[in-house]
Every structure is written in structure tokens, then in C-alpha cells.
Amino acid sequence: RVLRPSDPATMAAADAAIRRGAPEDAVALLLGAIERRPRDAALWTWLGVAYAANDGGQLSAAAKFAFARAMRLAPNEPGPPFFLGLAAFDGRDVETARAAWAQALS
């Protein structure tokens, strides 16, 4: 299986916002999309990415919550723990990154 969003346009817009240095815009876009599609694990995953970017590259409580929700919604998908691992690694939390990547591989 591949984790696919039900709203790829929002995902693309959020990605563009993060790349242009406006992660707060990405967070707002994703929160709006999640209101309409609260069971979309891909949107929750990308919200975790956006929160981490918005919080200075740190794995904040908001980012952790978003990743945890994604993993509950799609427990067999490698995407949410993989991106959790990237966010943790970017924040220099190597232990969390390793654990998340091990989960993604399993």
C-alpha cells in the first residue's frame, strides 16, 4: 500500500508553502483540509511535517500529535513513521528518528 491523500492539491500547496519559507501557511491549509477529511492519514502526516518546519525544525508537541494521529489512522503504512523520523532527525533527535525508521521498515 501507498499512503495517498484524498486532497493532493492541498498537499501540493502545503509543500509549496513550506518550500517558500511559509510553514505557517502550510499548517493553516492542512488544518482546513483535515476539518473536511479528518481520517486522511496523509494529511495528518504532512501536518506533522508542517508543524515541525513551523516550529524551527523541532519535533514539537503539535508535530508529535499529528504524526501519532496519522499512525493510528494508518498503522500499517510506512509513511507516517518515516516522516516522523525525518522530522526528528532534522531536530537532532537521533533516538526518535531511529525508532521511527525501524517502525517504518517493519
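Listing for the model above:
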{"item": "Sole exception among (1) over 15 Å from Gln103 (Cβ atoms); (2) out of contact with any helix residue (DSSP H, G or I) (no Cβ under 6 Å at 6 or more places or on another chain); (3) at pLDDT below 95 for Gly57, by number", "result": "(2)"}
{"item": "Qualifying residue in the stretch 34-41 (condition: open to solvent by less than 20 Å² (accessible area, probe 1.4 Å), among the charged types (D, E, K, R) and in contact (Cβ under 8 Å) with a residue 40 or more places away in the chain)", "result": "no"}
{"item": "Tally, over the stretch 63-91, of residues that are part of a loop (DSSP other than H, G, I, E, B) and open to solvent by 70 Å² or more (accessible area, probe 1.4 Å)", "result": "2"}
{"item": "Members of the stretch 92-106 found to be open to solvent by less than 90 Å² (accessible area, probe 1.4 Å) and of a type in the set (Asp, Glu), listed by number", "result": "Asp93"}
{"item": "Residues of the stretch 1-36 satisfying the condition of being more than 11 Å from the chain's Cα centre (by Cα), under 18 Å from Met71 (Cβ atoms) and modelled with pLDDT of 95 or more", "result": "Ile34"}
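The values are calculated or read from the model by the stated rules, or taken from the named source; none is laboratory data. Just so it is clear, the model here is predicted, and its values are computed rather than measured. FYI the Cβ positions are ideal-geometry reconstructions off the backbone, even for glycines, and counts take in every protein chain you see. Ligands, DNA and RNA are excluded from the accessible area calculation, which covers all protein heavy atoms including side chains. Shrake-Rupley method; radii C 1.70, N 1.55, O 1.52, S 1.80 Å.
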